[in-house]
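Here the structure is laid out as structure tokens; the discussion comes afterwards.
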Amino acid sequence: MIVDVHTHMVSEAYLDLLRQRGAPKYTFRGLPRGGEVIDKDGVPFFTLLPPMWDFDRRIRDMDAAGVDMAVISLTSPNAMLGDAEANAQAARMMNDAFAEARTAHPDRLRWFASLPWQDAEAAVAEVARAAALGASGVIVIATIDGVPLTDARFAPIWQAIDAARLPVFLHPSVPPGERDLGLAEYNLSPPVGFVFDTTLAISRMLYDGFFDRYPNIRMILAHGGGTLPFLIGRLDTCHAQIPACATGTDKPPSAYLDRLYLDSVVFTDGALRLCIETVGEGNMLFGSDYPHNIGDMAGCLARLEASGVDHRGTAGALFGL
């Protein structure tokens with residue numbers, strides 16, 4: 001079974017809620033050739049495309065690419081629209097929609113649950129509710145509105161995820177400081193900002209002792225882990241040579257690589273080989289980033305298949321398929 005672990009859907013109801021409650025941080029803007037893009041603080045990052053809310057078209061596109069199953073997730077901004085009520089509403093809305101989609105397509109769809117991370121009590125309750133609805137895992141954005149995932153306020157949520165033994169999909173967004181970084185110019189957030197966001201989040205976790213505190217968490221990193229495969233040697237060297245890098249744990253970052261899974265949303269054979277070399281063949285998964293405008297279901301699958309990696313077995317074991 002070929003399983004796409006990095007693939008997104010939204011709903012019209014979610015987009016309506018984002019329009020109503022997301023401003024001024026999140027705004028919608030028309031494009032010259034038609035359609036819309038969502039901006040975060042003026043930085044474009046999410047082009048709306050019709051396949052994002054058309055499940056029948058999704059199934060047809062999966063058939064055409066030879067993909068058997070998709071583990072769908074709500075992309076950024078996920079359930080961080082604004083106030084606590086809106087965030088909880090967004091999480092419940094999309095989790096219910098994804099549970100219904102799985103019921104409608106039981107042989108083709110699974111889903112990652114979204115959580116209202118800014119309200120720990122509500123998020124813990126949603127972990128339990130989503131698990132009861134049949135969620136296959138949880139998605140988390142690389143920072144919670146600028147707050148690192150290792151912050152103590154999120155500990156109860158991580159404890160609940162750890163106890164439930166749910167896989168976690170770590171997905172980026174527009175990173176904090178986007179205006180100072182000038183990411184609006186050339187629309188630099190998708191090509192550069194996203195991978196930076198993932199890299200910073202997982203590097204902090206590896207230095208923090210996060211994986212010691214939550215021994216059951218297995219984490220899937222979007223876009224081939226950002227630049228983690230390129231930097232893992234540097235992270236280890238800094239852990240050994242710079243005292244501040246070793247204050248969270250006495251283990252080097254590479255000691256936790258067996259807990260990390262990388263998807264195949266990279267666009268060259270060389271980048272894919274580096275991902276495989278970093279985490280090993282047994283921790284590679286197929287991802288497409290469909291239906292975003294740079295998503296490539298057929299291409300990402302072809303590169304991974306050509307590598308000979310047994311991603312089918314890995315996905316099956318991780319999600320109990």
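A short reminder: the numbers here are calculations on the coordinates, not readings from a lab. Predicted, not measured: the structure shown is a model, and the values here were computed from it. Positions of Cβ are generated from backbone atoms using ideal geometry, with glycine treated the same way; all protein chains shown enter the neighbour counts.
Values computed for the structure shown
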item	result
Given charges at Cβ of Lys, Arg, Asp, Glu: the chain dipole, positive-most of Ala70, Ser288, Gly35	Ala70
Residue-wise HN-Hα coupling along region 43-60, computed from phi with Karplus coefficients 6.51, -1.76, 1.60 (Hz; x: Gly, Pro)	9, x, 8, 9, 7, 7, 10, x, x, 5, 10, 10, 5, 5, 5, 4, 4, 4
Estimated vicinal HN-Hα couplings, Hz - region 242-250 in sequence order (Karplus 6.51, -1.76, 1.60; Gly, Pro = x)	10, x, 4, 6, 10, 6, x, 7, 8
Residue-averaged 222 nm ellipticity for the chain, from DSSP H runs of 4+ at -39500 (n - 2.57), nearest 500	-12500 deg cm²/dmol
Size-normalised alpha-carbon gyration radius of the chain, reference 2.2 N^0.38 Å	0.93
Dipole in debye (nearest 20) - region 180-224, about Cα centre, beta carbon charges: Lys, Arg +1; Asp, Glu -1	260
Nearest-0.05 FRET efficiency for Ala64 and Gln159, computed from C-beta distance (R0 45 Å)	0.60
In Hz, Karplus ³J(HN,Hα) per residue of region 162-168 (6.51, -1.76, 1.60; θ = phi - 60°; x = Gly, Pro)	4, 5, 7, 6, 8, x, 10
Coil-residue trypsin sites (Lys or Arg not before Pro) of region 1-98, DSSP, other Cβ within 10 Å capped at 16	Lys25, Arg33
Size of charge dipole - the chain - debye, nearest 20, with Cβ of Lys, Arg +1 and Asp, Glu -1, no other charges	100
Trypsin sites (Lys or Arg not before Pro) restricted to region 128-179 and DSSP loop, no more than 13 other C-beta within 10 Å	Arg165
Most mobile of Gly35, Gly193, Gly137 in a GNM of the chain (Cα contacts under 10 Å)	Gly35
